[in-house]
Amino acid sequence: MSDCLFCKIARGEIPSRKVYEDDEVFAFHDINPVAPVHFMLIPKLHLDSLAQADEAHSALLGKMLVLASRLACEQGLENGFRTVINTGKGGGQEVFHLHIHVIGGGNIPPMVKRS
Ligand code: AMP
Ligand code: ZN
């Protein structure tokens, strides 16, 4: 059994505000949202990050992206949303279980500030 925080959330051992669940994917609201709507999709399969994914995970990752869009709509983000995947320490990742952030509903600034 994995000790990972998001594995425990997917197994229901740590409470979360669930958005969606099936046999492969779990989605839940971020505990520290950066916008009015901010949830994350995770695979139930533990992968540390996107850097660990390979061709064997293509269908799962594709499914997660399609789901991200559907769930964003269901959460009221018909006008659009941002998806973010932080990967590794160099990508600012803090929880090392692959996750897709879905963010929207407020004033979303440009992702990278240009001087
Ligand atoms: P990242 O920086 O991409 O690894 O994102 C990790 C995210 O997990 C952050 O946005 C945190 O606010 C969120 N987070 C950490 N612990 C929890 C938790 N117990 N429930 C929901 N979200 C969490
Ligand atoms: Zn995990």
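How large is the accessible surface per residue of the chain, computed with a 1.4 Å probe and reported in Å² as a whole number? Each step should come with its number before you reach the end.
Details: 7050 Å² over 115 residues.
Ligands and nucleic acids excluded, the figure is 61 Å² per residue.
Label the range 1-106 by shape, choosing from rounded, prolate and oblate, from the square roots a ≥ b ≥ c of the eigenvalues of the Cα gyration tensor; if a/c is under 1.5 it is rounded, and otherwise prolate applies when a/b is larger than b/c, oblate when it is not. Numbers along the way, then the final one.
On the way: a/c = 1.40, a/b = 1.30, b/c = 1.07.
Since a/c stays below 1.5, the shape of the range 1-106 is classed as rounded.
Can you give the FRET efficiency to the nearest 0.05 for Ile31 and Ser115, using r as the Cβ-Cβ distance and R₀ = 30 Å?
Working: r = 32 Å, r/R0 = 1.08.
Once rounded, the FRET efficiency stands at 0.40.
Run the numbers for Glu24 and Thr87: contour at 0.36 nm per residue of separation, minus the present Cα-Cα distance, in nm.
On the way: separation 63, 0.36 × 63 = 22.68 nm, distance 2.05 nm.
Taking Glu24 through Thr87 to full extension adds about 20.6 nm, to one decimal.
Please give, to one decimal in nm, the separation of the simple spin-label points placed at Leu61 and Arg17, each 7 Å out from Cα toward the Cβ.
According to this spin-label approximation, the distance is 3.0 nm.
Quick check: pseudo-label points 7 Å beyond the Cα along Cα→Cβ at Lys8 and Gln52, how many nm apart are they?
1.7
How high is the relative contact order of the chain? Use alpha-carbon pairs under 8 Å, at least six apart in sequence, and give a whole percent. If you can, show how the numbers build up before the last one.
Values: 160 pairs, mean separation 34.0, N = 115.
With pairs under 8 Å counted, the relative contact order is 30 percent.
List the cysteines of the chain that have no other Cys Cβ closer than 4.7 Å: which are they?
Cysteines of the chain left without a disulfide-compatible partner: Cys73.
Summarise the accessible area of the chain (1.4 Å probe, protein heavy atoms) by the percent that is carbon and sulfur.
Values: 3750 of 7050 Å².
Heavy-atom surface of the chain belonging to carbon and sulfur, 1.4 Å probe: 53 percent.
Give me the angle, in degrees from 0 to 90, between the Cα long axis of helix 58-74 and the longest principal axis of the Cα atoms of the chain, rounded to the nearest 10.
Once rounded, the angle reads 50 degrees.
Which GluC sites (Glu not before Pro) in the range 24-115 pass both tests, a DSSP loop state and at most 15 other beta-carbon atoms within 10 Å?
Working: sites: Glu24, Glu55, Glu74, Glu78, Glu94; in loops: Glu24, Glu78, Glu94.
Those that pass, being in a loop and sparsely packed, are Glu24, Glu78, Glu94.
Counting pairwise Cα distances across the range 66-112, what percent come out greater than 14 angstrom? Mind showing how you got there, number by number?
Details: 583 of 1081 pairs.
Value for the range 66-112 (Cα pairs over 14 Å): 54 percent.
The values are calculated or read from the model by the stated rules, or taken from the named source; none is laboratory data. Owing to the predicted nature of the structure, the values given are computational and were not obtained by experimental measurement. All Cβ positions, even for glycine, are placed from backbone atoms using ideal geometry, and neighbour counts span all protein chains on display. Remember, those area values only see protein heavy atoms, side chains included, never the ligands or the DNA or RNA. Shrake-Rupley method; radii C 1.70, N 1.55, O 1.52, S 1.80 Å.
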